[in-house]
Amino acid sequence: MTPFDYSKPLVLEAGGASRQYWIDLWRYRELLMILAWRDVSVRYKQTVIGIAWAFARPFMTMVVFTVIFGAVAKLPTEGTAPYAIMVFAGLLPWTLFSSVLTEASGSLVSNANLISKVYFPRLVIPLSTVAVALIDFGVSLSILAGLMLWYGFAPGWQILLLPLFVALALLAAIGPAVWASAMIVKYRDFRFIIPFVTQIGLYVSPVGFSSKVVPEQWQLLYSINPMVGVIDGFRWCILGGDSPLYGPGFLISMLVVVIMLVWGALTFRRAERAFADLI
Amino acid sequence: MSDVIIRADKLGKKFVIGHKTELHAVLGERVTRSITGFWRKGVDMLKGRAMVDGDVLEEFWALRDVDFEIKRGEVVSIIGHNGAGKTTLLKILSRITEPTEGRVEIKGRVASLLEVGTGFHGELSGRENIFLNGAILGMSRAEVRQRFDEIVEFSGVEKFIDTPVKRYSVGMYARLAFAVAAHLESEILVVDEVLAVGDAEFQARCLDRMSKVADAGRTVLFVSHNLAAVTALTTRAIVFQSGRVYFDGPIDAAVAHYATSLRRVKSEGKWGKGASTALISAAMLDDNGIPTDRYEPGKPMKVRVVLQTNGVRGMTLELVLRDEHNLPISFYSTSVFSQVSLPGKAGRYECDIELQPYWLAAGEYCFDFVTTYTNVSVDHRVDNALRFFVERCSPDSIPFNFTQNAGKGAMAMRLAGPVGFTEIEATGDELQLGPR
């Protein structure tokens with residue numbers, strides 16, 4: 001590990017030991033990477049089709065959504081884009097969001113043995129779970145590329161901004177995920193709440209449908225759901241001019257993302273000290 | 001003073017624990033209790049407090065008013081019975097948990113080993129786990145890579161280094177885990193009971209490694225129940241009892257104090273009760289009838305057990321003597337061996353039992369006390385109820401001390417008559433032995 005600063009003695013006392021936290025977090029980045037690598041490398045062990053699961057799940061969801069919302073319920077797509085691509089462009093950020101939320105929120109409890117035996121900034125654990133979600137996301141992205149080739153749909157210049165929106169989806173997930181992970185340590189009730197939230201969220205977020213189907217006077221209110229801004233951003237990147245971004249709504253979504261991120265981090269930091277005692 | 005590397009000042013750690021009071025099989029009571037429990041948990045949650053299960057809450061100080069200083073390069077052992085606060089102290093020093101009051105100042109990097117193989121993942125190979133465990137213990141990848149060969153060699157599992165560790169035997173697993181930890185570089189090393197795993201050969205190797213670490217001038221804090229290891233490795237010990245420093249000083253004196261701290265805590269403990277009887281307390285008495293924790297081999301062993309009975313007939317008191325490995329070595333039953341049952345009148349009794357002299361090897365022992373009904377069903381059982389020490393065992397004034405850690409059992413055999421040799425006539429089938 002990078003050399004520690006010994007000029008000042010480390011003082012351990014109630015409510016203390018927080019000054020160096022963010023520096024410590026940076027020092028422990030190798031641990032973060034190695035935990036991420038551990039999660040990735042054990043993920044598909046002892047499965048028959050292995051990494052193909054990463055393809056199968058999002059693909060089947062896309063097919064089901066296209067059939068139910070597009071063909072059965074006949075919801076409109078955006079512009080000229082094929083419905084499957086519109087759905088998939090929404091499904092990608094949603095899956096990223098929900099898998100980060102699910103994995104990260106339970107991560108502290110499943111790593112209880114580490115927490116009660118070794119010191120490191122605890123934020124390392126929920127953050128390390130992001131890697132698994134990102135790899136699945138990468139796989140899904142390649143399915144999307146294949147889908148676009150199949151339909152002969154070319155994206156506009158906006159596609160270059162996609163990494164930015166990926167980061168945004170991650171930030172949107174990390175705020176609540178970090179908050180929930182800290183809460184689960186104290187109250188295991190959240191174990192039951194989180195799957196419920198992701199399940200409901202799938203239907204209240206514009207995943208299977210376009211956010212344009214929401215009446216105009218409700219658009220602003222609808223954007224309080226941060227995933228509305230994130231998903232719309234994705235669609236804008238991928239579908240280009242066919243899906244113009246709704247400015248004020250997007251800003252509200254971003255504001256909610258930032259608030260949740262700060263709140264999540266603060267809650268986590270406050271709760272962190274007692275993790276080893278409670279877990 | 002500049003060479004003080006760890007300084008603890010009025011250190012304290014409080015926990016809130018919940019007790020379940022006895023539940024009567026009355027539906028109404030169950031309902032009201034679950035409602036009040038639910039209410040309290042809800043209030044706790046709204047206030048952001050931790051939830052505690054139980055009907056009665058109690059504050060419990062795992063550590064209180066702990067002061068000590070440790071100098072650079074010192075090797076100190078922390079001893080105390082279970083629940084004395086040792087592990088809590090190590091957890092505070094290694095930053096896993098925060099003190100409730102007081103403070104600790106630490107100069108230097110602390111490597112803490114509260115368990116070997118923390119974070120080992122069964123699906124990963126030995127090689128992968130070395131890197132994973134190294135990172136968890138605070139080593140950089142470069143550091144691990146640099147020492148990789150050394151670690152593998154020390155562990156002795158070269159052949160299986162690319163096998164998932166879930167296929168390892170317990171011993172191999174422990175060896176690999178300790179090997180990683182043994183190659184940590186830090187100013188301060190904190191070790192908790194890691195020697196409890198592995199076979200004797202491996203334990204010897206661990207001890208050897210630990211003394212090398214100590215010789216290299218690093219500061220070591222070492223928690224162990226293995227008094228032999230503690231005495232061999234360290235010169236100073238801090239004895240904890242009920243969360244306080246009971247003794248701090250040279251190792252020999254500390255080991256003696258440890259023995260008395262054990263006895264005191266046991267007698268304070270609550271032993272619970274059985275259906276018809278309850279064992280209340282027990283003590284070993286010296287010649288003058290004064291409680292002691294020393295037994296002098298060759299003298300009658302006097303044990304006093306306080307118990308209560310509801311007067312049901314056919315109850316027996318049984319004693320099991322165990323050595324320091326907790327193996328039973330001797331047994332006595334009042335009704336089987338002496339045709340004596342517990343009194344048939346309800347009440348509390350002192351039961352004095354005087355046993356014939358034993359030549360117990362020096363070391364630690366304990367008694368389990370059990371009351372049984374007609375020698376069949378156990379009514380009340382208290383394990384490790386009475387601990388005591390034998391300091392010296394030299395039957396017939398032999399010039400050395402026969403101890404339990406000699407590995408030759410817990411009791412010296414004595415003669416009923418002289419040892420005799422009588423030569424047997426040669427028959428021709430004598431074995432060829434080495435030259436004289």
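Every number in this text was worked out from the coordinates using simple rules, so none of it is lab data. In this text the structure is predicted, and so the values were computed from the model without any measurement. Quick reminder, even Gly has a Cβ in these numbers, built from the backbone with ideal geometry, and neighbours come from all protein chains shown.
In terms of overall dimensions, segment A:79-158 has a Cα radius of gyration and Dmax of 17.6, 57 angstrom. Diffusion of segment A:159-203 by Stokes-Einstein, at 20 °C in a medium of 1.002 mPa s and with Rh set to the Kirkwood radius over alpha-carbon pairs, works out to 180 µm²/s. Over segment A:40-97, Cα pairs under 8 Å with separation of 6+ residues give a relative contact order of 27 percent. With respect to chain A, whose longest principal axis is taken over its alpha-carbon atoms, helix A:162-186 is tilted by about 50°. Taking 19 Å as the cut-off, the amide N atoms of segment B:81-115 that come nearer than this to a point 7 Å along the Cα-to-beta-carbon line of residue B:150 belong to B:109-113. Would you be so kind as to identify which of A:110, B:369, B:174 lies farthest towards the positive end of the dipole of the protein assembly as shown, taking Lys and Arg as +1 and Asp and Glu as -1 on Cβ and the Cα centre as origin? My answer, from the dipole projection, is A:110.
Computed from Cα atoms alone, the Kirkwood hydrodynamic radius reported for segment B:371-417 is 14.2 Å.
Antiparallel beta bridges, as assigned by DSSP with both residues in segment B:270-406, represent about 95 percent of the total such bridges. Close amide H pairs (under 5 Å, H built 1.01 Å from N) link residue B:220 with B:74, B:75, B:76, B:189, residues at least 5 positions away or on another chain.
Once divided by 2.2 N^0.38 Å, the Cα radius of gyration of chain A becomes 1.09.
Working ranking of peptides B:302-310, A:75-83 by packing, defined as the average number of other Cβ atoms within 10 Å per residue, highest first, is B:302-310, A:75-83. Remark: mean inter-chain Cβ contacts per residue of A:110-123 equal 4, using a 10 Å Cβ-Cβ cutoff to other protein chain atoms.
Based on the Stokes-Einstein relation at 37 °C and a viscosity of 0.692 mPa s, and on the Kirkwood radius from alpha carbon pairs, segment B:133-214 is assigned a translational diffusion coefficient of 247 µm²/s. Can you pull a Stokes-Einstein diffusion coefficient for segment B:270-406 at 10 °C (1.306 mPa s), Rh from Kirkwood over Cα pairs, as a whole number of µm²/s? Diffusion coefficient, whole number: 102 µm²/s. Each label was represented as a point 7 Å from its Cα along the Cα-to-Cβ direction; for residue B:170 and residue B:123 these points are 2.6 nm apart. Shown in residue order for segment B:123-138 are the 3J(HN,Hα) couplings computed by the Karplus curve 6.51 cos²θ - 1.76 cosθ + 1.60 at θ = phi - 60°: 6, 8, 6, x, 4, 5, 5, 4, 5, 4, 5, x, 5, 5, 7, x Hz (x for Gly and Pro).
Annotation: average projected area of segment A:107-219 is 10.0 square nanometres, based on the convex hull of Cα atoms across all directions. Relative contact order of segment B:270-406, taken over Cα pairs closer than 8 Å and 6 or more residues apart, is 29 percent. Given their separation in residues at 0.36 nm each and the Cα-Cα distance between them, residue B:253 and residue B:10 gain 85.1 nm when the chain is fully extended. A straight chain from residue B:103 to residue B:33 at 0.36 nm per residue would run longer than the Cα-Cα distance by 21.2 nm. Direction-averaged projected area, Cα convex hull, segment B:333-436: 13.1 nm², rounded to one decimal.
Judged by the ratio a/c of the largest to the smallest principal axis of the C-alpha gyration tensor, segment A:1-134 counts as prolate, that ratio being 1.5 or greater while a/b is larger than b/c. Residue separation of residue B:374 and residue B:433 scaled by 0.36 nm, minus their Cα-Cα distance, works out to 15.5 nm of gained length.
Tell me whether chain B comes out rounded, prolate or oblate; compute the Cα gyration tensor, take square roots of the eigenvalues as a ≥ b ≥ c, and use a/c under 1.5 as the rounded threshold. It comes out oblate by the Cα gyration axes. If R0 equals 25 Å, the separation of the Cβ atoms of residue A:167 and residue A:218 corresponds to a calculated FRET efficiency of about 0.35. Highest average first, the peptides A:186-198, B:424-436, A:160-172 ordered by how many other beta carbon atoms sit within 10 Å of their residues are A:160-172, A:186-198, B:424-436.
Computed on chain A, with alpha-carbon pairs under 8 angstrom and 6+ residues apart, the relative contact order is 25 percent. Applying 1/(1 + (r/R0)^6) with R0 = 35 Å to the Cβ-Cβ distance of residue A:22 and residue B:57 gives a FRET efficiency near 0.45.
Dipole size of segment B:270-406 about its Cα centre, with +1 on Lys/Arg Cβ and -1 on Asp/Glu Cβ: approximately 560 debye, rounded to the nearest 20. With K and R counted +1 and D and E -1, the other residues having a Cβ less than 14 Å from that of residue A:134 yield a net charge of -2.
In this calculation the C-beta distance from residue B:273 to residue B:296 is compared with R0 = 30 Å, giving a FRET efficiency of 0.35. Taking a sphere under 13 Å around the Cβ of residue B:394 and counting the other residues whose Cβ falls inside, with K and R at +1 and D and E at -1, yields a net charge of -1. At q = 0.08, 0.11 Å⁻¹, what is the base-10 log of I(q)/I(0) for the protein assembly as shown according to the Debye formula with one equal point scatterer per Cα and no solvent? Please give it to two decimals. Debye output, listed in q order: -0.84, -1.24. Between the helical axis of A:247-272 and the longest alpha-carbon principal axis of chain A there is an angle of about 20 degrees.
For the peptide B:96-109, the mean number of other protein chain Cβ atoms found within 10 angstrom of a residue's Cβ is 6.
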